[in-house]
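The values are calculated or read from the model by the stated rules, or taken from the named source; none is laboratory data. Since this is a predicted model, take the numbers as computed values, not measurements. Reconstructed Cβ throughout: ideal geometry from the backbone, glycine too, with neighbour counts over all protein chains shown. Areas reflect the complete protein model, heavy atoms only, side chains present, ligands, DNA and RNA absent. Shrake-Rupley method; radii C 1.70, N 1.55, O 1.52, S 1.80 Å.
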Amino acid sequence: MTGIDDITLNFSPASLMLLNAILAVVMFSIAIDLKPEDFHRLRRAPKPLIVGLFSQFLVLPALTFLMVLATQPRPSIALGLILVAACPGGNISNFITHRAGGNAALSVSMTAVATVGAILLTPVNIALWGGLYGPTRDILRETAIDPVQVALTVGLMLVLPLVLGVRLNMRRPALTARLHRPLQALSMAIFFAFIVLALASNWDFFLGYAGAVAGLVVLHNALALGGGWAVATLARLSPFNRRAVTIETGIQNSGLGLVLIFAFFGGLGGMAVVAAFWGIWHAISGIALAAIMSRTVAER
C-alpha cells in the first residue's frame, strides 16, 4: 500500500485532450435538453435547489473530511476522496433520478448550476479540505495546484458546452429534440469505453490496488447518498425532490476528477484509482437505488 503514493499512471497528453472533449460532449448532450425557463422556475421556488447545492458542496466535502480522519487512508487515496467530493454532480445522475421516480427537472438544474458553481467551489474545496489534513496538505504543496487553472479547466470543459447547448435548444428546438437521446447515449458509451481503454495500459496496477480502495469508495458513496437524503429530509423537502437531492449528492463527476488528477497531479496512483473506481461504483449503486425507489410513487 505504501507504494501507491509514489506510482503514477500512464496517460498521454493526447489521451487527456480526448477525455476533455468527450466530457464536453457529454455535458452538451445534457444541456440541449435545458431551457432558460427551467432556471426561471427554480428561481421562483429555489429551496430544493439551494438544499441540493448545500448538500453537494458543503455537506459531502465535510463528511469526506471526517471519513478521512476516521479511516486514515494513504495520502494519495485521501486526496482522491477529497477531490471527488469537490466535483459537481455526475452526468448520469439525471438519468438515474428519472428512473428513481424523482424530480428529473430539479436534477438537471442541479447539475447545470453545480457545474457553473464548480468553477469556484471545486478548487476551493480541494484546497480547503485537502489543506486541513496534514498528509494531503503535503501533496498539495508539492504539486502547487493553481486554483485559476482548475477553474479554467472546469469552465472550458463543462460550462462552455452547457451554454452552447442551452443556446442551441433556444434557437433550434426541433433539432435538439432529435439529437438529445442518441447523442447522450453515444457520448456516455464513448466515455465508459474510453475509461476502460485508458485503464488497459495500467491494468495490472489498477487490479493490484483496486481492492485497497474498494471498501473506502463504497463507504464514501454510501456517505454521499446518506448525507443527501438526510439533508433533504431535515429541510423537509417532498419525497419527489428528496430523491433528486439524494441521487445528485451521491453521483459525482468522476470523469472531471480524472481530468484534474492527470492534468494537475500527474496521474498520482491513489487518486486515479479512487476516481476510476468511483466512476464504476456510483453507477452500480445509483441504478440499484433507483430500482428500489421506483417501487413506490414519490409524493410531490
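For the range 15-46, give me each residue that is under 28 Å from residue 233 (Cα atoms) and either modelled with pLDDT of 90 or more or not in a helix (DSSP H, G or I) (or both).
Let us first name the residues in the range 15-46 that are under 28 Å from residue 233 (Cα atoms), namely 30, 34, 37-46.
Scanning the range 15-46 gives 34, 45, 46.
Grab the helices (runs of 4 or more DSSP H) fully contained in the range 83-180, keeping just those with 3 or more residues being closer than 28 Å to residue 287 by Cβ. Even if it seems obvious, please write down each step before you answer.
Working: elements: 93-100, 104-132, 134-143, 147-154, 160-171.
Filter on the range 83-180 gives 93-100, 104-132, 160-171.
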Which condition breaks for residue 298 when tested against (1) farther than 19 Å from residue 23 by Cα; (2) free of Cβ contacts under 8 Å to residues at least 12 places away in the same chain?
(2)
If a residue has to be surrounded by 24 or more Cβ atoms within 10 Å (Cβ to Cβ) and within 16 Å of residue 280 (Cα to Cα) to count, how many in the range 224-247 make the cut?
2
Out of 165, 155, 89, 101, which single residue is open to solvent by less than 20 Å² (accessible area, probe 1.4 Å) and within 20 Å of residue 225 (Cβ to Cβ)?
89
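Quick check on my filter: what residues within the range 255-278 are open to solvent by 10 Å² or more (accessible area, probe 1.4 Å) and either acidic (Asp, Glu) or assigned to a helix (DSSP H, G or I) (or both)?
Restricting attention to the range 255-278, the residues satisfying the condition of being open to solvent by 10 Å² or more (accessible area, probe 1.4 Å) are 258, 262-266, 268, 277.
Once the filter is applied, which keeps residues that are open to solvent by 10 Å² or more (accessible area, probe 1.4 Å) and either acidic (Asp, Glu) or assigned to a helix (DSSP H, G or I) (or both), the range 255-278 yields 258, 262, 263, 264, 277.
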Here is a list of conditions, (1) out of contact with any helix residue (DSSP H, G or I) (no Cβ under 9 Å at 6 or more places or on another chain); (2) open to solvent by less than 70 Å² (accessible area, probe 1.4 Å), and residue 142 meets all of them except one; can you say which number that is?
(2)
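Is it fair to say residue 288 is at pLDDT 90 or above, over 14 Å from residue 84 (Cβ atoms), in a helix (DSSP H, G or I) and aliphatic (A, V, I, L, M)? Before the answer, list the steps.
Numbers: at pLDDT 90 or above: yes; over 14 Å from residue 84 (Cβ atoms): yes; in a helix (DSSP H, G or I): yes; aliphatic (A, V, I, L, M): yes.
In short, yes.
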Scan the range 220-267 for residues that are more than 12 Å from the chain's Cα centre (by Cα) and among the polar types (S, T, N, Q) and jot them down.
233, 238, 241, 246
